[in-house]
Structures are given as C-alpha cells and as structure tokens.
Amino acid sequence: MSDEQDTLALIQQVLAIGAVVLVGLVVVMTWYVTNQAVRPVRQAARVASRLAEGRLSERMKVRGHDEMATLAQTFNDMAESLQRQITRMEHLSRLQRRFVSDVSHELRTPLTTIRMASDVLHDAREDFDPAAARSAELLSTQARQVRGAAGGPAGDLPHRRGRGAGGVRGDGCGRLGAR
C-alpha cells in the first residue's frame with residue numbers, strides 16, 4: 001500500500017502545483033485582458049483632460065480596427081470638430097470686436113458735431129419758446145447718452161433703466177426724470 005500512497009501523494013502534489021500554476025496563468029491573463037481594455041479608456045480620459053485645459057491639438061492614437069480603434073477615431077473626429085468650432089468662434093469674436101471698434105470710431109466725429117450743436121442750443125434755450133427749449137434739453141441729453149454709448153468720455157451720462165429717451169419717464173408726460 002505504501003507504493004499506492006506514494007503515487008497518490010505524487011499525484012496530489014502535481015495537481016496542487018498545476019492548480020497554482022493555472023490560477024497564476026488565469027490572474028496574468030485577466031490582468032492582460034483588463035489592461036488591454038482599460039488602457040484606451042485611460043488614454044481617452046487623459047486626452048479629454050488635455051482638451052479641457054485648452055490643448056486643442058491633442059488626439060488619441062488609433063491602433064487596429066476594433067471597437068477601441070473606432071472609439072479613438074470618433075473621439076479624434078469630435079476633437080477636430082471642436083477645434084474648428086472654437087477657431088471659428090474666435091474668428092467671429094475678432095470680427096465682432098473690430099466691427100464695434102470701427103462703428104464706434106466712425107460715430108465719434110459726427111456725434112461730437114451733434115453734441116457741440118446740441119450744447120449751443122442747450123445754452124441758448126432760455127431764448128426759445130417752451131417747446132423748443134424742451135427739445136433743446138432732450139437733444140442735449142440724448143447726444144450725451146449716445147456719445148457715452150459710442151465710447152465717449154467718462155463724464156457722459158450712463159443709460160438708466162426705466163427711462164426713455166433723454167431721461168424722460170416712460171409715461172410720455174414730457175418731464176425730465178430726476179437725476
């Protein structure tokens with residue numbers, strides 16, 4: 001019986017070593033397969049983080065023709081589209097700033113002339129009939145407000161909410177609002 005027991009012990013040792021080796025192989029294969037699946041996701045997260053920081057030229061590496069490669073290609077297409085949109089928005093913003101600057105510049109000279117004429121009329125309003133005097137006040141106030149909106153001196157009157165043209169109350173009574 002001793003020979004049979006030795007044989008059984010040897011078989012148990014071989015099975016135990018085989019089980020340990022098999023479990024080790026399963027762990028290594030699981031780690032490898034998991035790493036293969038998670039690596040592209042981690043790369044996508046890093047690239048997305050860089051894109052969020054403003055590095056618009058960042059792209060994912062496309063390898064193979066599997067689902068991960070499709071994901072990387074789609075991600076890169078999205079990043080390219082975002083970069084084009086942001087570039088277009090920056091260009092439109094520059095055009096808008098330039099337009100506003102040009103309009104403001106072009107308005108300053110005629111507004112200065114209108115302001116000077118309205119100041120002359122405003123200063124002489126005591127010599128006018130009441131309706132003309134009121135018109136001179138409104139013209140002067142409007143000229144100052146428009147000049148301020150067009151980038152005039154800091155002393156110009158600001159726009160006030162709840163008031164119509166020239167500081168006139170919205171009730172149409174023709175009175176100057178309190179300043």
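Nothing in this text is a laboratory measurement; each read-out follows from the coordinates by a stated rule. Just so we're clear, the structure is a prediction, and the values are computed from it rather than from any experiment. Glycine gets a Cβ as well: all are built from the backbone with ideal geometry, and neighbour counts include every protein chain shown.
At 10 °C and 1.306 mPa s, what whole-number value in µm²/s does Stokes-Einstein give for the translational diffusion of region 84-133, with Rh from the Kirkwood sum over Cα pairs?
Details: Rh = 14.0 Å.
Estimated via Stokes-Einstein, D reaches 114 µm²/s.
HN-Hα J couplings of region 119-130 from phi, Karplus 6.51/-1.76/1.60, θ = phi - 60°, integer Hz, Gly and Pro as x?
In residue order, the calculated couplings are 5, 4, 5, 5, 5, 9, 5, 5, 7, 8, 5, x Hz.
So for the pair Arg50, Gln13, with labels modelled 7 Å out along Cα→Cβ, what separation do we get in nm?
Distance between label points: 5.5 nm.
What are the ³J(HN,Hα) couplings of region 72-85, residue after residue, when phi is run through the Karplus curve with 6.51, -1.76, 1.60 and θ = phi - 60°? Round to Hz, x for glycine and proline.
4, 5, 5, 4, 5, 4, 5, 5, 5, 5, 4, 4, 4, 5
Could you tell me the calculated FRET efficiency between Trp31 and Glu90, based on Cβ-Cβ distance and R0 = 45 angstrom, to the nearest 0.05?
The calculated FRET efficiency here is 0.50.
I'd like the Karplus ³J(HN,Hα) series for region 43-54: coefficients 6.51, -1.76, 1.60, θ = phi - 60°, whole numbers in Hz, and an x wherever there's a Gly or Pro.
Coupling constants for region 43-54: 4, 4, 5, 5, 5, 4, 5, 5, 4, 5, 6, x Hz.
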